[in-house]
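Colleague: Take this structure first; my questions come after.
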Number of protein chains: 2
Amino acid sequence: MVSNSDSSGALAQRLSDSGLRSTPQREVIYSVLLKKRDHPTAEDVFARAKPEMPMISLATVYNCLETLVQCNLVRAVNFERGPTRYCPNLRPHAHFHDEQTGATHDIDLPAGVLDQVKSVLPVNFDAASVEIIFRGKARTET
Amino acid sequence: MVSNSDSSGALAQRLSDSGLRSTPQREVIYSVLLKKRDHPTAEDVFARAKPEMPMISLATVYNCLETLVQCNLVRAVNFERGPTRYCPNLRPHAHFHDEQTGATHDIDLPAGVLDQVKSVLPVNFDAASVEIIFRGKARTET
DNA sequence: AGCATATTTAGAATGATTCTAATTCCTTGT
DNA sequence: ACAAGGAATTAGAATCATTCTAAATATGCT
């Protein structure tokens, strides 16, 4: 059987690259993330996956999300100690956390900005990754 | 009685500015943070405060740390969902999280870098704060 | 001194996540 | 097709950091 979409094909590919299996649960979790990119929590994902797959368990949602993060198909994002949120945006981007609404917005980072930021590091610090989080309020037009 | 040091004087001042009281517990917690600036967790602070004040409770440590954060004398720092760490460094700085050792290093930010970073935001986003976290490994010379 | 309010305290409760152990589901070798 | 072995899923228990609760203490003020 041929993959039914680019994204699930990509998922199957990434999984097998890592020696992991493509499963219905992983497909559903990933499709849920792609469908509504509002940085859902594991509980959110659980709720959205259930209609499609009523027997899925919360533990599986956690397992699958962890797997997707390992495969670099999804980024985990944390604000303070709130529940982890998941984001399928793979471009380099920062996050803007709206303190009024709780909404999270992706802020694409122009090439070079990350390098500029990394340039503040003393030579003996070797950064594998940089995370930038903005907090404030956003005027999203009505 | 006159304050016994600049820092506790500063603490008493900041507290009363916010309509809060200076208490022995708050003084001890703050002095613990100033004494060893290694980004301790609440449990770490609790352990370090106990010798000086054996009856202090963990709940009080949480309360006092929260109070100090409210007064802007201390910053709370989070890495993923690990326990919150506390940092009395008030200069604008980023954090470098060493993935091998778990150590956290302050990275002072030259004036202007935060503005450069903020400049990537679309006009309708108004950032009250920016947080920058590096992850990687640090060669701290022996 | 007496009162109102802040603060501290111990322990219970919470919430997100991880762990455990049992089951189910493939995949591969025969 | 069939069995073995490993991978994945599942329900529920366990964990961990933190917050809440209610009672006890301390403090500042009139």
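The values are calculated or read from the model by the stated rules, or taken from the named source; none is laboratory data. Because the structure is predicted, anything quoted here is derived from the model rather than measured. With ideal geometry, Cβ positions are generated from the backbone for all residues, glycine too; neighbour counts draw on all protein chains shown. Calculation scope for accessible area: heavy atoms of the full protein, side chains included, ligands and nucleic acids excluded. Shrake-Rupley method; radii C 1.70, N 1.55, O 1.52, S 1.80 Å.
Colleague: List the residue pairs whose Cβ atoms are under 7 Å apart, where the first residue sits in region A:47-68 and is of a type in the set (D, E, K, R), the second is away from DNA strand C (no atom under 12 Å from the Cβ), and the two are 6 or more positions apart or on different chains.
Modeller: If the second residue must be away from DNA strand C (no atom under 12 Å from the Cβ), the pairs left are A:Arg48/A:Val32; A:Lys50/A:Ile56; A:Glu52/A:Val28.
Colleague: For B:Leu90, only one of the following conditions fails: (1) touching a Leu at 6+ places or on another chain (Cβ under 7 Å); (2) under 15 Å from B:His39 (Cα atoms). What is its number?
Modeller: The number of the failed condition is (1).
Colleague: Another one. Please tell me if A:Asp108 is in contact (Cβ under 8 Å) with a residue 12 or more places away in the chain, closer than 23 Å to B:Pro92 by Cβ and at the interface with chain B (Cβ under 10 Å from one of its Cβ atoms).
Modeller: no
Colleague: A further question on this structure: Within the set of pairs 6+ apart or on separate chains, which have a first residue in region B:16-32 that is assigned by TED's automatic domain parsing to the domain that holds B:Asn72, a second that is assigned to a loop (DSSP other than H, G, I, E, B) and open to solvent by 70 Å² or more (accessible area, probe 1.4 Å), and C-beta atoms under 7 Å apart?
Modeller: Listed by first residue and then by second, the contacts come to B:Val28/B:Glu52.
Colleague: Go through the residues of region A:77-96 one by one and say whether even a single one is touching a strand residue (DSSP E or B) at 6+ places or on another chain (Cβ under 7 Å), within 30 Å of B:Phe134 (Cβ to Cβ) and basic (Lys, Arg).
Modeller: For region A:77-96, residues touching a strand residue (DSSP E or B) at 6+ places or on another chain (Cβ under 7 Å), within 30 Å of B:Phe134 (Cβ to Cβ) and basic (Lys, Arg): present.
Colleague: Which of (1) within 11 Å of the chain's Cα centre (by Cα); (2) surrounded by fewer than 19 Cβ atoms within 10 Å (Cβ to Cβ) does A:Lys35 not meet, given it meets every other one?
Modeller: (1)
Colleague: Still on this structure: Only one of these is in contact (Cβ under 8 Å) with a residue 60 or more places away in the chain, of a type outside the set (Val, Ile, Thr), within 14 Å of chain B (Cβ to nearest Cβ) and more than 14 Å from DNA strand D (Cβ to nearest atom): A:Ala10, A:Ala103. Name it.
Modeller: None of the others qualify; the one that does is A:Ala103.
Colleague: Among B:Asp126, B:Asp115, which is more than 9 Å from every other protein chain (Cβ to nearest Cβ), more than 23 Å from B:Gly82 (Cα to Cα) and of a type in the set (Asp, Glu)?
Modeller: None of the others qualify; the one that does is B:Asp115.
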